[in-house]
Amino acid sequence: MSSVIRSSVEYQYASELEILKENDKGISPPGWYLSAISVKKFILGDDTLSISRKFYGDDALVERAIVTLMGYQALLLVGEPGTAKSLLSELLSAAICGDSQKIIQGTAGTTEDHIKYAWNYALLLSDGPSKKSLIPTAILKAMQTGSIARFEEITRCPQEIQDAMISLLSEKQIMIPELSEVQSALPGFNIIATANLHDKGVNEMSSALKRRFNFETVLPIRDKEQEKTLIMQQVSSRLQSQSLDVKMDNNLLDILVTTFSELRGNKESGVKSLDAVLSTAEAVNIAYACTLQTYYVGTKPNSGQIAEQMQGTIIKDKVDDRKKLAHYLDLVIRERVKKDKKWKSFLDTGKLLWMKS
Ligand SMILES: Nc1ncnc2c1ncn2[C@@H]1O[C@H](COP(=O)(O)OP(=O)(O)OP(=O)(O)O)[C@@H](O)[C@H]1O
Ligand SMILES: [Mg+2]
């Protein structure tokens with residue numbers, strides 16, 4: 001059993017990174033651990049080298065992201081919640097520099113000290129400003145080592161703090177006036193930021209900062225088969241990490257993916273899209289919870305579990321969504337149950353959850 005709940009991707013896939021390095025015949029950009037071609041293989045998979053696919057969906061986006069990071073611009077991944085922006089940023093950093101852990105988590109409380117450098121005040125008072133008393137941030141460390149720094153949820157930072165990035169990104173250096181020093185970035189340095197479209201802010205980023213980023217919009221997975229494969233893969237790896245000998249039920253997976261795809265909105269059938277976020281990340285959580293329920297509680301896999309989990313994990317207290325779900329049961333599921341009995345439990349549980357007044 002793994003000793004941590006989740007290890008970073010460079011540890012999870014250390015052997016794949018090694019195989020790619022050994023077989024790397026492509027040209028590596030200055031400061032990169034792997035060539036651009038191998039970075040792409042690490043993320044999208046490669047059958048001949050037995051490298052697993054880790055990001056599903058827009059392959060061209062991955063290639064564009066790699067090209068951006070080779071150049072002068074930084075990369076900003078924007079999109080709905082749960083579309084694997086953070087995962088993609090982690091995968092890119094792990095493959096490009098073998099370290100995905102130089103991270104700044106943007107919040108309303110982020111200050112310039114978190115972006116540039118801070119001081120160990122005890123040492124600062126005793127020894128004065130020195131290299132020993134300087135605390136480098138993820139970005140400063142990335143500049144010193146020529147690697148990638150990740151800036152998560154950049155638009156949650158106050159705008160004046162975001163703007164500290166403007167000169168840093170154009171000059172590729174950080175001034176440290178207290179030491180009369182300038183830290184210039186080594187080749188290989190770049191920044192991958194992420195931003196959530198549900199948060200206010202992407203539009204409020206200053207245009208000067210926007211100019212320094214290439215924007216890539218990460219969309220939810222639309223292909224049902226790809227989504228199924230991904231859910232199965234993610235649930236299996238979570239179960240394996242806990243050494244649990246149980247498999248996600250195939251019928252349940254089918255029902256989960258179908259429900260999610262229909263509830264994302266379908267003009268033809270008249271199903272209205274829910275306000276709640278129905279990303280693949282939520283689907284993975286539901287699939288995992290259902291499987292754990294079967295393993296630990298002994299519940300026989302049934303479609304009612306999905307309705308229950310949906311209520312707890314995504315609908316919560318959203319009254320309008322409950323109405324839309326009641327409509328969905330009436331419009332689509334009632335008819336479907338006549339032909340396919342495995343939906344009956346979904347209908348019965350859904351009625352109790354969403355049709356009661
Ligand atoms: N296209 C995809 N390829 C691979 N995994 C995906 C994809 N879409 C969603 N996932 C799943 O979603 C999980 C969560 O993704 P992640 O946290 O990176 O999303 P995010 O876009 O950063 O969300 P947030 O905006 O809430 O921070 C991933 O670990 C993975 O299980
Ligand atoms: Mg994220």
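The values are calculated or read from the model by the stated rules, or taken from the named source; none is laboratory data. Given the structure is predicted, the values throughout are model-derived calculations rather than measurements. Virtual Cβ from ideal backbone geometry, glycine too; neighbours counted across all protein chains shown. Note: accessible area is taken over every heavy atom of the protein model, side chains too, but ligands, DNA and RNA are not part of it. Shrake-Rupley method; radii C 1.70, N 1.55, O 1.52, S 1.80 Å.
Annotations for the structure displayed:
- Scanning the range 133-170 for residues being open to solvent by 70 Å² or more (accessible area, probe 1.4 Å) and modelled with pLDDT of 95 or more gives a total of 4.
- Across the range 69-92, not a single residue is classified as out of contact with any helix residue (DSSP H, G or I) (no Cβ under 8 Å at 6 or more places or on another chain), away from ligand 1 (no atom under 11 Å from the Cβ) and at pLDDT 95 or above.
- Unique residue being open to solvent by less than 40 Å² (accessible area, probe 1.4 Å) and within 30 Å of Ser236 (Cα to Cα) when the list is Ser273, Ser303: Ser303
- Checking Gln183 against (1) part of a loop (DSSP other than H, G, I, E, B); (2) surrounded by 18 or more Cβ atoms within 10 Å (Cβ to Cβ), the condition it does not meet: (1)
- When the range 61-80 is filtered for residues that are open to solvent by less than 30 Å² (accessible area, probe 1.4 Å) and not in a strand (DSSP E or B), the ones remaining, listed by number, are Leu61, Val62, Ala65, Ile66, Thr68, Leu69.
- For Ser15: the one exception among (1) among the polar types (S, T, N, Q); (2) in the same structural domain as Gln144 (by TED's automatic domain parsing); (3) part of a loop (DSSP other than H, G, I, E, B): (3)
- Selection within the range 65-111 - within 14 Å of ligand 2 (Cβ to nearest atom), more than 15 Å from Phe151 (Cβ to Cβ) and not hydroxyl-bearing (Ser, Thr, Tyr): Gly79, Glu80, Pro81, Gly82, Ala84, Leu87, Leu91
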